[in-house]
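J.: One structure coming up, written as structure tokens, with questions to follow.
The values are calculated or read from the model by the stated rules, or taken from the named source; none is laboratory data. Given the structure is predicted, the values throughout are model-derived calculations rather than measurements. We place every Cβ from the backbone using ideal geometry, glycine too, and count neighbours over all the protein chains shown.
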């Protein structure tokens, strides 16, 4: 199909879809309405029996924990898939790891200064997932991107030495497996998968909400190692791997 | 519906359009990062701090960075 | 005026689709796909918004205070993570296509196949 024909077809379909969307959107509950039956029930359960101050954390890791387990497996599967696709091909070789990523000294300094701060913030956000906004996903992403500040600081070789793939792959698998194991433990204790089986504590204290902080930790480990692995393999592709012809130039 | 909310919504719509109309993928990675930031602001205004934190990490750092690195690699082959 | 958040979501979806249709570069197309997907975040959070309510975190908030819907926020959280991993997978596929065929232009790729 030519570009023009494709564009014409898109115009027709988009007009129809746009009209249908507006009709459907008119039928939604009014923006800002006070009618939220699911939300009200989730809040009542979270601050009542489950003692979880961050209701979003309660929904993610307790009330709808099975969803999150599925999401964990999506994350796990696509990290594995991307790693397989990005592994060095036989006709590629590594060049210039040592010299890669030379940067201005001020940029390097900024990278070094921000590294401990972002690791601290990431850890804090993972640990406080049950009582304040944040949790395993958010903290894990911050930890993983903070880790790559070493690349910004121009220490690509150091980064590669510090982050061998094997332990990270292991950590990712352990994080995912821990989540599933806590779920199975729920079957053993109460006959229900992913039941919140630990003591709930009192609303708002660090050790409250039962299994929610534990699951947050498991997700934190998995997300951190998964995102570090992803970013590292993209960095490898862009910075060190060249096809043989290019490497000879 | 506050003025702040209207501004945040229009900012998201504008940034999203700019990402789609970006002339090439490397320009797009930068506008995508700005779009991620606009979405983060919108989520804060919509009282969703959990989602905003997630979007801040994923949408303004990880995804644009992956796109940048892919652009760098695919451009070299030409 | 109260329709604006929903319309922004619809606009983002259609804009992302337009980008996918017209894109001349697979990396660019992946970026447009993330725009189309982000329309779902806006739609979900708009559905769960409650005027005058605060975030569903009872740190200092008295129990019983009006809060916005936490269920859609949890759904959006899942959405964002899935979007990021799908993007990573698609970019890895794009890199493979570039290694095999030396181009990331969808039209050139179709010409190569014929």
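J.: Only one of these is over 21 Å from residue C:48 (Cβ atoms) and either free of Cβ contacts under 8 Å to residues at least 60 places away in the same chain or surrounded by fewer than 24 Cβ atoms within 10 Å (Cβ to Cβ) (or both): B:7, B:12, B:71. Name it.
T.: Values: B:7 fails: over 21 Å from residue C:48 (Cβ atoms); B:12 fails: over 21 Å from residue C:48 (Cβ atoms).
Answer to the check: B:71.
J.: Still on this model: Does residue A:18 satisfy being part of a helix (DSSP H, G or I) and within 30 Å of residue C:55 (Cα to Cα)? Show your work before the answer.
T.: Numbers: part of a helix (DSSP H, G or I): yes; within 30 Å of residue C:55 (Cα to Cα): no.
For residue A:18, the condition - part of a helix (DSSP H, G or I) and within 30 Å of residue C:55 (Cα to Cα) - is not met.
J.: So how many residues does the range C:60-109 have that are within 8 Å of chain A (Cβ to nearest Cβ), out of contact with any helix residue (DSSP H, G or I) (no Cβ under 7 Å at 6 or more places or on another chain) and not in a helix (DSSP H, G or I)?
T.: Residues meeting the conditions: 1.
J.: Is it the case that residue B:31 is under 30 Å from residue C:95 (Cα atoms), buried (at least 19 other Cβ atoms within 10 Å of the Cβ) and within 13 Å of the chain's Cα centre (by Cα)?
T.: Working: under 30 Å from residue C:95 (Cα atoms): yes; buried (at least 19 other Cβ atoms within 10 Å of the Cβ): yes; within 13 Å of the chain's Cα centre (by Cα): yes.
So residue B:31 fits the description; yes.
J.: Further question: Go through (1) modelled with pLDDT under 90; (2) closer than 27 Å to residue A:236 by Cα; (3) more than 7 Å from chain A (Cβ to nearest Cβ); (4) touching a helix residue (DSSP H, G or I) at 6+ places or on another chain (Cβ under 7 Å) for residue C:112 and report which single condition fails.
T.: The failed condition is (2).
J.: Further question: Across the range C:29-70, what is the number of residues that are within 30 Å of residue C:95 (Cα to Cα) and modelled with pLDDT under 90?
T.: Total meeting the criteria: 0.
J.: Which of the residues that make up the range A:25-40 are more than 9 Å from chain C (Cβ to nearest Cβ) and in a helix (DSSP H, G or I)?
T.: Correct list: A:37 only.
J.: Out of B:40, B:31, I need the residue that is assigned to a helix (DSSP H, G or I), in contact with a helix residue (DSSP H, G or I) (Cβ under 9 Å, 6 or more places away or on another chain) and under 16 Å from residue C:33 (Cα atoms). Which one? So that I can check it myself, show each step before the final result.
T.: Details: B:40 fails: under 16 Å from residue C:33 (Cα atoms).
That would be B:31, the only listed residue that is assigned to a helix (DSSP H, G or I), in contact with a helix residue (DSSP H, G or I) (Cβ under 9 Å, 6 or more places away or on another chain) and under 16 Å from residue C:33 (Cα atoms).
Yes/no matrix, rows are residues, columns are (1) over 28 Å from residue A:79 (Cβ atoms); (2) within 13 Å of the chain's Cα centre (by Cα):
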{"position": "C:17", "(1), (2)": "no, yes"}
{"position": "C:26", "(1), (2)": "no, no"}
{"position": "C:54", "(1), (2)": "yes, no"}
{"position": "C:59", "(1), (2)": "yes, no"}
{"position": "C:69", "(1), (2)": "yes, no"}
{"position": "C:73", "(1), (2)": "no, no"}
{"position": "C:80", "(1), (2)": "no, yes"}
{"position": "C:99", "(1), (2)": "no, no"}
{"position": "C:112", "(1), (2)": "yes, no"}
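J.: While we're on this one: From the residues in the range C:19-51 that are in a loop (DSSP other than H, G, I, E, B) and more than 8 Å from every other protein chain (Cβ to nearest Cβ), which one is surrounded by the fewest Cβ atoms within 10 Å (Cβ to Cβ)? Spell out how you get there, then give the answer.
T.: First pass over the range C:19-51, keeping only residues in a loop (DSSP other than H, G, I, E, B): C:23-25, C:49, C:51.
Okay, now just the ones that are also more than 8 Å from every other protein chain (Cβ to nearest Cβ), so C:23-24.
Working: C:23: 21, C:24: 15.
The residue in question is C:24.
J.: Name the one entry in A:84, A:55 that is more than 14 Å from chain B (Cβ to nearest Cβ) and at pLDDT 80 or above. Steps first, answer last, please.
T.: Numbers: A:55 fails: more than 14 Å from chain B (Cβ to nearest Cβ).
Among A:84, A:55, only A:84 is more than 14 Å from chain B (Cβ to nearest Cβ) and at pLDDT 80 or above.
J.: Test residue C:14 against the stated conditions and say whether it is surrounded by fewer than 24 Cβ atoms within 10 Å (Cβ to Cβ) and part of a helix (DSSP H, G or I). Steps first, please.
T.: Working: surrounded by fewer than 24 Cβ atoms within 10 Å (Cβ to Cβ): yes; part of a helix (DSSP H, G or I): yes.
Taking the combined requirement at face value, the residue satisfies it.
J.: Limited to the range A:155-182, what total is found for residues that are outside any loop (DSSP other than H, G, I, E, B) and modelled with pLDDT under 80? First the steps, then the outcome.
T.: Initial filter on the range A:155-182 (outside any loop (DSSP other than H, G, I, E, B)): A:156-162, A:165-182.
If we keep only those that are modelled with pLDDT under 80 as well, we get A:156-162, A:165.
The qualifying residues number 8.
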